[in-house]
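Since the structure comes first, as structure tokens, the remarks are kept for the end.
Derivation of every value follows stated rules applied to the coordinates shown; laboratory data play no part. None of these values were measured; they are calculated from a predicted model. As a convention, Cβ positions derive from the backbone with ideal geometry for all residues, glycine included, and neighbour counts pool all protein chains shown.
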Amino acid sequence: MRILRSIASVLFVGVIAATVGGCIVVHDHDDGSPPPAPPPDVAYEAIDAGQALTTDPGTGASILLEYEGGTTWNLVTTCDTLETSYPCSYDIYLRAHSITPSGAIELEGSDFIDQTDGELHVGLDTSLDVDGVRFDTAPGESVEVEVYLDGDSAEPFVFWVGNGETHTGSRTNPTVFVPN
């Protein structure tokens, strides 16, 4: 009987600890401080100003990042729906101290752009079109880009022009893009 009471006591304490314990996560920077620096294993990539990228919607999954120069950036997505018959569901996080959305590119249905201090979370369901976001930062400010396609890390699908060359696939997720 004493063993059963001991087991019951241990189980009761475990259940109480499991239901009382919790975690609070705060995702703002109301104290005016910049967002935390990326971890040291994040790749830094140069991105050239004024270089446009093109693609045919429906023929391939891609995340195209462009830096127009000054303060303006564009990010658009495409999908391989003509080959797979399925849409692509993108979750993209854009981070910079002064980032703000300045326009939507063909958003529809469940597509969204959420803004918090220092971050844009862009959700895009893309099939036979191009979906994206135009955003601004301080002049010359770097942007951290973290990308997911259908819930999986999507760094192989990121395209940009840096140092005069078109790059296919970033080395890390996230990646910091530095205006060139």
Quiz item: So who's got an amide H within less than 5 Å of the one on ALA46, skipping anything under 5 residues away but keeping other chains? H placed 1.01 Å off N, in plane.
Solution: VAL178
Practice problem: Enumerate the amide H contacts of ASP131 below 5 Å, restricted to partners 5 or more residues apart or on another chain; note that Pro and chain-start residues carry no placed amide H. | Solution: THR77
Self-check item: Model label zone, GLU106; criterion: amide N under 19 Å from point 7 Å along Cα-to-beta-carbon; scope the range 132-175
Solution: 132-135, 149-150, 157-160
Quiz item: How much length, in nm to one decimal, is gained on full extension between GLU83 and VAL178, taken as 0.36 nm per residue of separation minus their Cα-Cα distance?
Solution: 30.8 nm
Practice problem: Scale the Cα Rg of the range 43-179 by the rule-of-thumb value 2.2 N^0.38 Å and send over the ratio, two decimals. | Solution: 0.95
